[in-house]
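These notes are about the structure you will find just below.
The values are calculated or read from the model by the stated rules, or taken from the named source; none is laboratory data. What you see is a predicted model; the values in this text were computed from it and never measured. Heads up, the Cβs are rebuilt from the backbone with ideal geometry, glycines too, and the neighbour counts pull from every protein chain shown.
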Amino acid sequence: MPYPYVLLSAAVSLDGCLDDTGPERLLLSSPADFDRVDEVRASVDAILIGAGTIRADNPRLLVNSPERRAARVAQGRAEYPLKVTVSGSGDLDPAARFWHTGGDKLLATTDKGAERARALGLAADVVPLGPDLDWRRLLEHLHDERGVRRLMVEGGGTVHTQLLQQGLADELQLVLAPLFVGDPDAPRLFGPGAYQDGRLRLVETRRIEDVVLMRYEPTAPGTGTQPTAADHHWLALACELADRCPPSRTAFSVGAVIVAADGTELARGHSREGEDPVVHAEEAALAKLDPADERLRSATVYSSLEPCVRRASRPKPCARLILDAGVGRVVTAWREPDTFVADADGSGLLASQGVDVIVLPEHEEQAKAPNRHLTAS
């Protein structure tokens with residue numbers, strides 16, 4: 001199911017703290033960065049915080065700039081983004097400022113938490129997610145029922161930790177403040193647990209007065225058939241590579257990327273790459289790797305079009321090449337139409353041999369774009 005684009009936003013001290021243990025909130029950002037955060041808030045469809053942040057900080061969570069609010073209205077959007085909080089217990093103060101400022105509010109909770117929240121009379125739409133909190137179910141609800149395409153998550157640390165560990169964060173915007181907290185009891189941005197192997201991708205650094213903004217994207221593929229945010233990033237790259245293909249009226253334009261389990265890009269390729277007029281994208285990418293490379297066994301192949309199961313130009317179709325390489329996971333955007341091969345089902349062949357195959361139709365239009373001349377009726 002499609003989810004919103006999830007942007008985690010936080011400011012930390014040099015020793016990784018979100019706050020100190022004093023009675024007043026520790027201001028880590030600079031005035032200019034607070035204005036940047038306001039700009040980001042104005043750009044999203046919803047802002048989410050955890051129940052602990054409501055209890056500790058009692059925030060209003062607003063777009064403060066009248067000009068930005070007016071611009072939202074002029075675009076046909078609500079003056080304020082939807083405000084969302086998550087609480088397993090549903091036990092929140094009905095007098096908190098979160099409920100009484102801004103526009104629409106939503107509380108995501110458990111079945112039991114929903115009973116408590118309704119009894120308290122919280123000024124919000126209460127959405128029970130089942131016996132336990134389920135982040136994927138919440139993101140599906142926000143996307144499908146609330147029209148949320150971009151979600152900004154402002155904490156706290158537990159929420160950030162869960163979303164990142166479950167592979168649901170598309171981007172981390174981290175502001176580093178030039179001070180130390182030094183208190184072992186101070187709240188920290190991320191808790192212990194299993195995170196992605198390998199390094200995240202740094203996409204931007206920016207100095208804002210005396211703080212530094214760093215933007216990162218997760219890189220590690222998911223496991224099994226459960227997609228992660230990184231899967232979407234890599235598949236989008238494969239679709240971009242399809243645009244580099246020399247045009248053809250007898251073959252599709254396809255891009256492919258092979259990514260190790262730790263998020264390292266191993267190889268990429270596209271149809272008719274180099275001076276080979278019949279090479280396929282997956283074939284071109286696999287040819288750049290040593291077949292004995294152990295990383296292939298746990299790698300993911302991203303292909304803008306489903307790997308082929310039959311072809312006339314070479315003895316082995318791409319689905320067979322993937323199986324021979326020992327790759328156990330494939331993510332694609334578009335099932336192969338009958339344009340050149342009837343009843344093509346590369347995904348079926350791969351799945352029958354134990355490969356996990358994930359189709360992300362959100363990327364189908366991008367994959368089709370360089371092939372419009374072939375599929376137009």
| For the range 129-143, how many residues are more than 23 Å from the chain's Cα centre (by Cα) and either within 18 Å of Ile47 (Cα to Cα) or buried (at least 16 other Cβ atoms within 10 Å of the Cβ) (or both)? | 0
| task | Evaluate the range 346-354: report whether one residue or more is in the same structural domain as Ala256 (by TED's automatic domain parsing), assigned to a loop (DSSP other than H, G, I, E, B) and modelled with pLDDT under 95. | result | no
| task | State which residue is surrounded by the fewest Cβ atoms within 10 Å (Cβ to Cβ) when the search covers only the range 144-191 and only residues that are within 13 Å of Pro4 (Cα to Cα) and of a type in the set (D, E, K, R). | result | Glu145
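Which count do you get for residues in the range 139-176 that are hydroxyl-bearing (Ser, Thr, Tyr) and in contact (Cβ under 8 Å) with a residue 60 or more places away in the chain?
1
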| note | Residue pairs qualifying under the 6 Å Cβ cut-off, at least six apart or on distinct chains, with the first in the range 351-377 being farther than 13 Å from Tyr302 by Cα and the second being assigned to a helix (DSSP H, G or I), are Gln353/Leu323; Gln366/Cys239; Pro370/Ala242
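For the range 326-335, name all the residues that are assigned to a loop (DSSP other than H, G, I, E, B) and either assigned by TED's automatic domain parsing to the domain that holds Glu140 or touching a residue at least 60 places away in the same chain (Cβ under 8 Å) (or both).
Val327, Ala333
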| request: Among the numbered conditions (1) closer than 20 Å to Asp356 by Cα; (2) not in a strand (DSSP E or B), tell me where Arg311 comes up short. | output: (1)
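Being assigned by TED's automatic domain parsing to the domain that holds Arg150 and farther than 18 Å from Gly155 by Cβ, is that true of even one residue in the range 46-54?
no
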| field | Cβ pairs under 6 Å, 6+ apart, first in the range 260-286 and touching a residue at least 12 places away in the same chain (Cβ under 8 Å), second among the basic types (Lys, Arg) and assigned to a helix (DSSP H, G or I) | value | Ala260/Arg295
| query | Out of curiosity, is Ala344 closer than 23 Å to His232 by Cβ and buried (at least 16 other Cβ atoms within 10 Å of the Cβ)? | reply | no
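Each row is one residue, and each column tells you yes or no for (1) surrounded by 21 or more Cβ atoms within 10 Å (Cβ to Cβ); (2) closer than 21 Å to Tyr5 by Cα; (3) in contact (Cβ under 8 Å) with a residue 12 or more places away in the chain.
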| site | (1), (2), (3) |
| --- | --- |
| Ser30 | no, no, yes |
| Ser43 | no, yes, yes |
| Ile49 | yes, yes, yes |
| Thr53 | yes, no, yes |
| Ala56 | no, no, yes |
| Leu61 | yes, yes, yes |
| Ser65 | no, no, yes |
| field | Residue check for Glu209: closer than 30 Å to Glu154 by Cβ, in contact with a His (Cβ under 9 Å, 6 or more places away or on another chain), touching a residue at least 40 places away in the same chain (Cβ under 8 Å) and charged (D, E, K, R) | value | no
| task | Kindly establish whether His363 is crowded, with 20+ Cβ neighbours inside 10 Å and not hydroxyl-bearing (Ser, Thr, Tyr). | result | yes
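Is at least one residue of the range 254-264 under 24 Å from Val341 (Cα atoms), assigned to a helix (DSSP H, G or I), at pLDDT 95 or above and not assigned by TED's automatic domain parsing to the domain that holds Leu164?
For the range 254-264, residues under 24 Å from Val341 (Cα atoms), assigned to a helix (DSSP H, G or I), at pLDDT 95 or above and not assigned by TED's automatic domain parsing to the domain that holds Leu164: absent.
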| request: Select, from Gly198, Gly121, the only residue that is free of Cβ contacts under 8 Å to residues at least 60 places away in the same chain, surrounded by fewer than 18 Cβ atoms within 10 Å (Cβ to Cβ) and on the phi > 0 side of the Ramachandran plot. | output: Gly121
| message | Considering only residues that are part of a helix (DSSP H, G or I), over 12 Å from Thr332 (Cβ atoms) and out of contact with any Pro (no Cβ under 7 Å at 6 or more places or on another chain), which ones fall in the range 228-253? | response | His232, His233, Ala236, Leu237, Glu240, Leu241
